[in-house]
Every structure is written in C-alpha cells, then in structure tokens.
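The values are calculated or read from the model by the stated rules, or taken from the named source; none is laboratory data. The structure presented is a predicted model; accordingly, all values stated were derived computationally and were not measured. Cβ coordinates were reconstructed from backbone atoms using ideal geometry, including for glycine residues, and neighbour counts include every protein chain displayed.
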Amino acid sequence: MTKVNNEKKSELGITAEKDEFSDWFTQIMLKADLADYTDVSGCIVFRPTAYAIWEKIKEECDKRFKNLGVKNCYFPILIPEKLLSREKEHVKGFSPEVAWVTHAGDTKLNERLAVRPTSETIMYPSYSKWIKSWRDLPLKLNQWNNAIRWEFRHPVPFLRTREFLWNEGHTVYANEKESLKERDEIKKTYKEVCENFLALYGVYGRKTEREKFAGAVFSEKFHYILPNGKAIEGPCFHHDGENFAKAYNIKFLDEFGKAQYANQNTFAISTRMLGVMFAVHSDEKGLILPPKIAPNQIVIIPIFDEKTKKQVLAEAKKIQKELSEFNPILDEREYQRPGFKFNEYELKGIPIRIEIGPKDLEKKQVILFRRDNLKKDPIKIINLKKRIPKILEEMQKNLFNKSKKLFEGKIQSSDNLKDIKKIIESKKVGIVPLCKNEKCEEMIKFETKGAKALFIDEKKIKGEKCIICNNPADYFVYVGKSY
C-alpha cells in the first residue's frame, strides 16, 4: 500500500506517488475524468476535459497554419493496398503498424484496404493529378484526423495509443529552397503552442538516419522528458525532398517548360502532447493544468449554512459574472461538503479556486488558492478582476520553468559506454559522441537494454571518439529510453 505523509489516502484521490509513474499516471487519467479504457486495447475514450484541451491545441495551431496559407481538407481513412506499396522505404517503415480491412460483411474484398497510419499514400495520387504547372505551387494542405498504428504491445493512455488524433500537414513546393524555408515557420508554430499554452519545455533536434521518418530526407522533432526519465517525441517536421514525388509522379512544368519533380514536407502534432502535459505538470494530489489550456480557469466554492446561504450565493454569482472571461465553475452543490469539493477540484487541476463564506463577506474578500504551488491568500473582492490575470500569468510561467528544470535535471553528458549505462539506469537521458554507423546505434540499444539515439545535439563536435567503435564521432546524440 502506498503512503503519503504516513496517512492513507482516500480511494477517491490519487493513491500512488509520482515516482510510481505507471500507476500514478493511470490514476490521474481515470480519476481526473480525462479518459477511459475501451474494449479495444490501445484505443481510449477522450472525456470532455481532455477533448476540450485538444480542441484548444487544434484551434491555436490551425490559426497559425492558416496565417501561413495552409488550407484544411479531408482524405479517406481507407487506403487501397496498391497505393500503400508505391514508396518502398515508406511502406517498409509502416508495415508492422498497419491494420487491414479485408471483408465487407461476409464478402472478402478484392483488394485489402489499409486503415490510415498516415496519409501520404492516399493524398499524393491526387496531388499528381492536381499539380501540372509551376503556377499550381505551392500547394499547402492539412488534415485534422485520426490514425491507427498497431505495432506495439504495451499501449499507454495518451502517450502511446493505437488510435490517436493529430494534424497532417502535406505541402508541395517547386524547389528545395522554398520547401526548407517552411521548416522554421512550422517549428515556430509548434514551439509557440507547446511553450505558451502547454507550458512545456522541449528541445528540437534532427533524428539520425536510423530513426528518421520512413521515406523522408530528414526528420526533426521536439523532444520532452517525463518524470520517470523516459523521453517522448512531440511535434515533428519531415522534409521529404523529391522522394514521394518520384514514387507518385508529382511533376510540373517550370517557367521554362521543363518537367521537374516537386519538393515536399510533412508535419504533425498529436494528442500525445496531452499525456506529456499531464505527466510533466501534475502531482500526487492530481492533475495540474496550465491556465492558458484549462477549459475552466477558476472554480468558485461558496461556504454557507441555511442562515447565510442567500447572501453568500448572491455574492458568489456576482463574482462568477465578473470573472466570466475565465469560464468559472460555480459549485452550488449542497450535498457535498466544502472539503470534498476542494479535493475534487485539486484532483481535476482547476488552476484557481476561490472560496467565499460568511466571514469573507464581512471582510469583503475571498480566499484564493493556486493549484500550482498550493498557496492560499486573501484577496479583496474589488481587486479580483485586476489580480486574476496576473496570477494566471505567474502560474503559466511557473509551470513552464518547472518543466524546464525537470528536463535539464534529467540530462547528463558522458564520453564512455560504462557511464552511459549508469545514466540510463538512473532514469536519465545521456548526451554522447557517436558515429553515423547504424551498427553503433544498434549496439547502444543492446548495451543499455533499450535506450536509443533520440536526436542529434546541435553542439559542434571536435575530436571526440564514438563511444562504441572509438572511431571519430560525427555528432553528439541524446540517448535514452523512450515511449
């Protein structure tokens, strides 16, 4: 039995400590009403709070995509097998993950249909029909949809699920220079949303050849580190060059009438980021939500008896109206005690709790509770509208700084295999010199019992030796276990 402060916790609350990550994270998901399991392994229900957060992520990204000239569209979820097999490297990379539709009722289909793991193979035959001239470029399309990937044995809610929601940006340019310019625009979009709204600190880096997206020239992603020391990938950008254009015959006549293959990019953010945010910010009392992403930023809890009920509720409703821009919840339930409500909303991660009772009315104040640091302070009612935005901004910054501190505290450099093993065993992520030989990457994974080269560090390398083969290293890489 887990104990915190030597007291048994209520089964209604979180009974696991944060270092018992799997149990703790599962309880957060279920008890904070974020998600629920279904009868299909790896496929979860997004309950309203979690889905509202995803809608906010979608809204903020979509707004930025549209400012870049990206338009939304929708392609089918089912992909004929003949289309999926066009780009060999891409198909090889996704083969273990593909779920197939083979029958319609009792009738066997003439051709298997893949359930979308990603949409290149269903979108690009249309691109080859639509793009004929340089005047048709750039083509910038995006989908908000779901995808199915089935290869893994141990799904983790939000972090690694067989079905997930995401955006798929698929853009086409006339040349490599224009195509690569988009990289910084997309990186900026995802960075703004993840840092400013989710309050998450991550590091952007290029994947090694072994770890890049199947079919891409190169892949770059944001990376985060969870409290259990495991790394996890966030939003991504893939430069595909002419690889898919050649496989799907996406050609155009340039200004001089010469046929050219197009250059392409893909980019995405998924519901995995909800899990990263829940895991990084939350504590042993439950969920903690950054104010900018919380569906409700405030809960108002009136405390009264029959004698004071009318006055207290009247003032609580005035406060609710005054603070309407923060979508406050007014909890008027009389069948639950205030203490129960306090614990319930701490569990559900509402950023600010406002308590108001008869004594507070006399003093023309409320008691304000911050979910991020668990501090309580009296605030005059007349000052609430002015103070609340500042407090919420402080909370947002505080959570981001904690996220950065967690990330940096999990990083440790090493120049030898013995030390990197110890780093991984201590549930951290190492930075090591490595060469480009994929066998050396394989050996790191074997020697560390599952840690892999996560991404390439931007720091320039000078004279270091690969920790596996002792030949000159090509770069520093982050190495760690991951989801």
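With respect to Asp23, determine if the residue is touching a strand residue (DSSP E or B) at 6+ places or on another chain (Cβ under 6 Å) and without any contact (Cβ under 8 Å) to a residue 24 or more places away in the chain. No. Just to verify a result, which residue in the stretch 355-378, among those that are closer than 17 Å to Glu393 by Cα and of a type outside the set (D, E, K, R), is nearest to the chain's Cα centre (by Cα)? Of everything passing the filter in the stretch 355-378, Asn373 is nearest to the chain's Cα centre (by Cα). Total residues in the stretch 118-164 satisfying the condition of being free of Cβ contacts under 8 Å to residues at least 60 places away in the same chain, aromatic (Phe, Trp, Tyr) and touching an Asp or Glu at 6+ places or on another chain (Cβ under 6 Å): the figure is 0. Summed over the stretch 155-191, residues that are over 24 Å from Val98 (Cβ atoms) and either in a strand (DSSP E or B) or in contact with a helix residue (DSSP H, G or I) (Cβ under 7 Å, 6 or more places away or on another chain) (or both) total 5. Looking at (1) within 27 Å of Thr189 (Cα to Cα); (2) assigned to a loop (DSSP other than H, G, I, E, B); (3) not hydroxyl-bearing (Ser, Thr, Tyr), which is the only condition Arg135 fails? The failed condition is (2). Scanning the stretch 144-167 for residues that are touching a Cys at 6+ places or on another chain (Cβ under 9 Å) and buried (at least 20 other Cβ atoms within 10 Å of the Cβ) gives Thr161, Asn167. Only a single item in (1) outside any strand (DSSP E or B); (2) on the phi < 0 side of the Ramachandran plot; (3) modelled with pLDDT of 95 or more is not met by Leu374, and it is number (2). Condition first: within 25 Å of the chain's Cα centre (by Cα) and either over 16 Å from Cys73 (Cβ atoms) or free of Cβ contacts under 8 Å to residues at least 60 places away in the same chain (or both). Now tell me which residues in the stretch 165-178 satisfy that. The answer is Leu165, and nothing else.
Matching residues to (1) in a loop (DSSP other than H, G, I, E, B); (2) buried (at least 16 other Cβ atoms within 10 Å of the Cβ); (3) of a type in the set (A, V, I, L, M); (4) at pLDDT below 95:
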| site | (1), (2), (3), (4) |
| --- | --- |
| Asp19 | yes, no, no, yes |
| Met29 | no, yes, yes, no |
| Asp39 | yes, no, no, no |
| Thr49 | no, yes, no, no |
| Ile57 | no, yes, yes, no |
| Glu60 | no, yes, no, no |
| His103 | no, no, no, no |
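For the stretch 330-360, the tally of residues that are surrounded by 19 or more Cβ atoms within 10 Å (Cβ to Cβ) and among the hydrophobic types (A, V, I, L, M, F, W, C) stands at 5.
Could you please let me know if Glu393 is of a type outside the set (A, V, I, L, M, F, W, C) and either surrounded by fewer than 17 Cβ atoms within 10 Å (Cβ to Cβ) or more than 29 Å from Pro227 (Cβ to Cβ) (or both)? Considered against the rule, which asks whether it is of a type outside the set (A, V, I, L, M, F, W, C) and either surrounded by fewer than 17 Cβ atoms within 10 Å (Cβ to Cβ) or more than 29 Å from Pro227 (Cβ to Cβ) (or both), Glu393 comes out as yes.
Each row is one residue, and each column tells you yes or no for (1) modelled with pLDDT of 95 or more; (2) over 24 Å from Phe407 (Cβ atoms); (3) surrounded by fewer than 20 Cβ atoms within 10 Å (Cβ to Cβ); (4) not polar (S, T, N, Q).
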{"site": "Gly169", "(1), (2), (3), (4)": "yes, yes, no, yes"}
{"site": "Glu176", "(1), (2), (3), (4)": "yes, yes, yes, yes"}
{"site": "Lys187", "(1), (2), (3), (4)": "yes, no, yes, yes"}
{"site": "Val193", "(1), (2), (3), (4)": "yes, no, no, yes"}
{"site": "Asn196", "(1), (2), (3), (4)": "yes, no, yes, no"}
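Of the strands (runs of 3 or more DSSP E) that lie entirely inside the stretch 201-302, those containing 1 or more residues that are farther than 30 Å from Gly357 by Cβ and polar (S, T, N, Q) span 218-225, 259-261, 263-268.
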